[in-house]
1. Counting each DSSP H run of 4 or more residues in the chain as -39500 (n - 2.57), what helix-only mean residue ellipticity at 222 nm follows after dividing by all residues, to the nearest 500 deg cm²/dmol?
2. Tell me, what is the FRET efficiency for LYS173 and TYR65 to the nearest 0.05, using R0 = 22 angstrom and their Cβ-Cβ distance as r?
3. Output the pairs from LYS145/LYS175; LYS173/LYS241; LYS220/LYS241; LYS50/LYS241; LYS163/LYS241; LYS99/LYS241 with a Cα-Cα distance over 19 Å in this structure; if there are none, say none.
4. Leaving ligands, DNA and RNA out of it, rank THR142, THR131 by accessible area with a 1.4 Å probe, largest first.
5. Among (i) 62, 59, 32; (ii) 52, 44, 32; (iii) 48, 47, 33, only one was calculated for this model; which label is it, if the read-out is Cα extents along the principal axes in Å?
6. Please tell me the relative contact order of the chain in percent, rounded to the nearest whole number, where contacts are Cα pairs under 8 Å and at least six residues apart.
7. Pull up the DSSP beta bridges for the chain and report the antiparallel fraction as a percent, rounded to 5.
8. Treating only the Cβ of Lys, Arg, Asp and Glu as charged (+1, +1, -1, -1), what charge dipole size does segment 113-223 show about its Cα centre? Round to the nearest 20 debye.
Amino acid sequence: MAYPIRIIGTDLSPLVVDDDYEVVDKQQLAEWIAQLVLGEYGHVYMIIEKLAPEEMPSDNGSIDYMISRLVVPADNETLIDHRDGWLFQMMSWIALNIKLHQDYPGCPIHMVAPHDARAKHGIDGLAMVLTADNKIRRIIITEDKCTTNPRDFVRNKVLPEFKDYEKHIYDNKLKSELTQFVSPVNNRDLYIELSPSFANHDHWTYRIGITRESCHNTDKGRQGLFKGYDAVVIGDVERRKGASIYLTQMREWMQDLSERVVAILESKKQ
């Protein structure tokens, strides 16, 4: 099965490696997002693994509620921004899932589910890749933003937050999220082995998922977008990832995506 997103990859070492991507099948992307909206992230995960199980049915009440979260007044810029941010976070989750399966074939990959509501607080994206013998290979911490001011967001929001991560300020919430992957209830021995390494920065990779502007489509422009990243997250460039996408007329593009998702949700009613 072909993927709706193609990972391009732009190496801007030593500053950043941008795992930039493009949408090659918007309708298929909308179908996957519709499943994520309904909480079927496990189904989408298995599709990416090429296991492709049958889709699970959903109740009409649940479908109607999720449609109400996607249909927002055209004059309410705040709700539009929150709705687009939610859709984008799911796009970014799909892009990361595809990228990890491409980079680490055969390795156990654990990912936190996408947010289940717009404007929800918490880590935007978190994943952990293990080796074949269950050692931590990589922990990926993602901040996502669908914005017309990407440089301001990177400079004023993301980099200060990553700086706090580097100071171990957020170790508690990171450990809490990672424990879901290797719960001591289900796998006590693996939890005992892995949990001491959760806060080891050698395993951490940061990822900035963001919509970029046309001025960032050159290498020089991209370097401007991620300027200062290496001063906050020091070490090997593999610790500093981007995941940018350029969307012409971004708000219109996101509105069209939302309408496609709503139409697919409507078609799922029994």
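1. Working: 11 runs with 115 residues, N = 270.
Helix-only estimate at 222 nm: -12500 deg cm²/dmol.
2. After rounding to 0.05, the efficiency reads 0.20.
3. On the way: LYS145/LYS175 23 Å; LYS173/LYS241 21 Å; LYS220/LYS241 16 Å; LYS50/LYS241 25 Å; LYS163/LYS241 15 Å; LYS99/LYS241 12 Å.
Distance filter (> 19 Å) returns LYS145/LYS175; LYS173/LYS241; LYS50/LYS241.
4. Details: THR142 0, THR131 35 Å².
So, going from the largest accessible area down, we get THR131, THR142.
5. Only one listed value fits the structure, namely (iii).
6. Numbers: 399 pairs, mean separation 70.8, N = 270.
About 26 percent, as a whole number.
7. Working: 15 of 31 bridges.
Taking every DSSP beta bridge with both residues in the chain, the antiparallel ones total about 50 percent.
8. On the way: 18 positive and 16 negative charges, 68 e Å.
For segment 113-223, the charge dipole is close to 320 debye.
The values are calculated or read from the model by the stated rules, or taken from the named source; none is laboratory data. None of these values were measured; they are calculated from a predicted model. Every residue, glycine among them, receives a Cβ derived from its backbone with ideal geometry; neighbour counts consider all protein chains shown. Accessible surface areas use protein heavy atoms only, side chains included; no ligands, DNA or RNA. Shrake-Rupley method; radii C 1.70, N 1.55, O 1.52, S 1.80 Å.
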